[in-house]
Amino acid sequence: MNDLELDVIKILKEKNIEYYQNIKTLNIDTNILYFLNTNIYDNENDNSSVIYFIYNNIKFLLMGDAEVNKENDILKKYNLYNIDILKVGHHGSNTSSSKYFIDKINPKYSIISVGKNNWYGHPDDEVLNNLRDTIIYRTDKDGSIIFKIKNDSLKVDTNIK
C-alpha cells in the first residue's frame, strides 16, 4: 500500500466508514458484486478491482486497470462468457483488452473511459481493433454513457459534451 491509500484508510476509520479489502463479494440489496481476485501482482494496475455482476439478466464486467496478465488469470479461474457490458480495462491502453480475452468474454457493448486528447494516446488502435465486433462507446467522443435497464431490456443514452 502506498501513503495515499494509508491516509485514506486512516480517514475512513476516523469517520467510522467501513473499509473493504480483499473481499470476494459485496451484497447491495438483492444484487451481488463479485470481485474477481486472482493473485497479488507486482503492479498497481493488475491489483485494481475487477467486478462482475448481473443485473436484470444483464452481465457486467468492470475491468478497472487490469492488464493482460490479470485477464489471463481471470479466464483461467472464472467461467465468463457473453458479457453484455464491458468497462474496458486501463482506458483502452495496449496493456489490456487482448484479442484472446475479448474473444473469450464476447462482450456486446464496450465502454472506454478516456479523456479527450489525453497525453497517453488512449485508446490504443489495436485495442479498438480487438473490440471491433462490439458496440463501442467512449467518454471522449460520447460524453456520459447511461445504461437504462428495465424488465431485462437495455437502452443506452449518451450525453455528448
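Of the residues 84, 42, the single one that is of a type outside the set (A, V, I, L, M, F, W, C) and in contact (Cβ under 8 Å) with a residue 40 or more places away in the chain is 84. Contact map, segment 89-113: first residue over 22 Å from residue 146 (Cβ atoms) and in contact (Cβ under 8 Å) with a residue 12 or more places away in the chain, second residue of a type in the set (Ser, Thr, Tyr) and surrounded by fewer than 16 Cβ atoms within 10 Å (Cβ to Cβ), Cβ cut-off under 8 Å, separation 6 or more or different chains; pairs are 93/120; 104/81; 105/81; 106/81.
If residue 111 meets every condition in (1) within 21 Å of residue 56 (Cα to Cα); (2) modelled with pLDDT under 95 apart from one, which number is that one? Failed condition: (2). If you go through segment 1-50 and keep only what is in contact with a strand residue (DSSP E or B) (Cβ under 7 Å, 6 or more places away or on another chain) and polar (S, T, N, Q), you end up with 25, 31, 49.
Looking across 145, 136, 149, one residue alone is surrounded by fewer than 18 Cβ atoms within 10 Å (Cβ to Cβ), in contact (Cβ under 8 Å) with a residue 24 or more places away in the chain and either outside any helix (DSSP H, G or I) or at positive phi (or both). It is 149. Of all residues in segment 67-105, those satisfying the criterion of being hydrophobic (A, V, I, L, M, F, W, C) and farther than 21 Å from residue 119 by Cβ are 68, 74, 75, 80, 83, 85, 86, 101, 102, 105. When restricted to residues that are of a type in the set (S, T, N, Q) and part of a helix (DSSP H, G or I), segment 60-116 contains 2. Among the residues of segment 84-108, those identified as modelled with pLDDT of 95 or more, in contact with a Ser or Thr (Cβ under 9 Å, 6 or more places away or on another chain) and within 24 Å of residue 159 (Cα to Cα) are 85, 86, 87, 88, 107, 108.
Of the residues making up segment 27-59, those that are of a type in the set (D, E, K, R), surrounded by 15 or more Cβ atoms within 10 Å (Cβ to Cβ) and not in a strand (DSSP E or B) number 1. The set of residues in segment 114-131 being modelled with pLDDT of 90 or more and of a type in the set (S, T, N, Q) consists of 129, 130.
Looking across segment 46-80, just one residue is in contact (Cβ under 8 Å) with a residue 40 or more places away in the chain and either among the β-branched types (Val, Ile, Thr) or touching a Gly at 6+ places or on another chain (Cβ under 8 Å) (or both), and that is 58.
Of the residues 100, 120, 137, the single one that is of a type outside the set (A, V, I, L, M, F, W, C) and in contact with a strand residue (DSSP E or B) (Cβ under 7 Å, 6 or more places away or on another chain) is 137. Just one of the listed residues (88, 156) is hydrophobic (A, V, I, L, M, F, W, C) and under 12 Å from the mean Cα position of the chain (by Cα), namely 88.
The values are calculated or read from the model by the stated rules, or taken from the named source; none is laboratory data. Note that the coordinates shown come from a computational prediction; the quantities given were computed from them, not determined experimentally. Neighbour counts are summed over all protein chains in view; Cβ atoms, including those assigned to glycine, are modelled from backbone coordinates with ideal geometry.
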